[in-house]
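Worksheet: the structure to be examined is printed underneath.
The values are calculated or read from the model by the stated rules, or taken from the named source; none is laboratory data. In this text the structure is predicted, and so the values were computed from the model without any measurement. Cβ placement follows ideal geometry from the backbone for every residue including glycine, while neighbour counts extend to all protein chains displayed. Heads up: the accessible areas ignore ligands, DNA and RNA and are worked out on the full protein's heavy atoms, side chains in. Shrake-Rupley method; radii C 1.70, N 1.55, O 1.52, S 1.80 Å.
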Amino acid sequence: MGWFRKWKKQSPQIYAAGYPQLDTPRLTLRMFTPADVPALFAYAKSDVVGPLAGWAPHRNQEETRQIVSLFIKRGDVWAIVDKKSGRLVGSVGLHVDAKRSVEKALMLGYVLGEPDWGKGFATEASARVLRFAFEQLGCPVVSAYHYPHNKRSAHVIAKLGFTLEGTLRQASTLVGGSVTDDVCYSITAADYRAGVREMLTAYLTPRDNTETR
């Protein structure tokens, strides 16, 4: 979403020293390092990946290096690493939600490179991050947003147990300058305790065939 441009300008560090490493059956979620620049650039230069998430394709590795430096400084974005191959496949973050004034209200965001779409990595990584948000950070609510045309993100959000709040019309300016809506979702701490936690557990339980869950 357009949150990315706002994040670069104003998002504070919300977890002192960066978020801790988290693990799932197939993935390691860790803080970024300067060594991740080439791998991130490999998918961030795509004409498809960035615009779906609200940011322009990276033009060169120097631009990627600046973004990685921000990731490291603010400590609110994990690198998603495939345990089997050791590859960096994307990122997932918990950011201050600029649309809410409630203390500790955070927003989930994620990006995957095109070669790793359809493998369930976004769902698995996000499920672990949501468990961290509610059980370690004590968040009262976690939100998620997508543009109306981003059907892949809508599918992930639905699998994670988010409740649709509605559509915030004319809410974001796209990379090319056109204006679009934000489709808004949330999970409250009460939702999490009432059943979402069990739903997420299914994505964090090792199984024989996990490629498309």
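Observations, loosely collected:
- Of all residues in segment 132-155, those satisfying the criterion of being touching a helix residue (DSSP H, G or I) at 6+ places or on another chain (Cβ under 6 Å) and either aromatic (Phe, Trp, Tyr) or open to solvent by 30 Å² or more (accessible area, probe 1.4 Å) (or both) are 134, 140.
- Total residues in segment 53-66 satisfying the condition of being under 22 Å from residue 182 (Cβ atoms) and buried (at least 19 other Cβ atoms within 10 Å of the Cβ): the figure is 3.
- Listing of helices (runs of 4 or more DSSP H) fully contained in segment 1-75 that carry 2 or more residues being modelled with pLDDT of 95 or more: 37-44, 61-74
- All conditions in (1) small (Gly, Ala, Ser); (2) assigned to a helix (DSSP H, G or I); (3) open to solvent by 40 Å² or more (accessible area, probe 1.4 Å); (4) within 26 Å of residue 87 (Cβ to Cβ) hold for residue 118, with the sole exception of (2).
- Criterion: part of a strand (DSSP E or B) and within 20 Å of residue 112 (Cβ to Cβ) - qualifying residue of 142, 156: 142
- Restricting segment 76-106 to residues that are assigned to a strand (DSSP E or B), open to solvent by less than 10 Å² (accessible area, probe 1.4 Å) and among the hydrophobic types (A, V, I, L, M, F, W, C) leaves a set whose member that is farthest from residue 35 (Cα to Cα) is 94.
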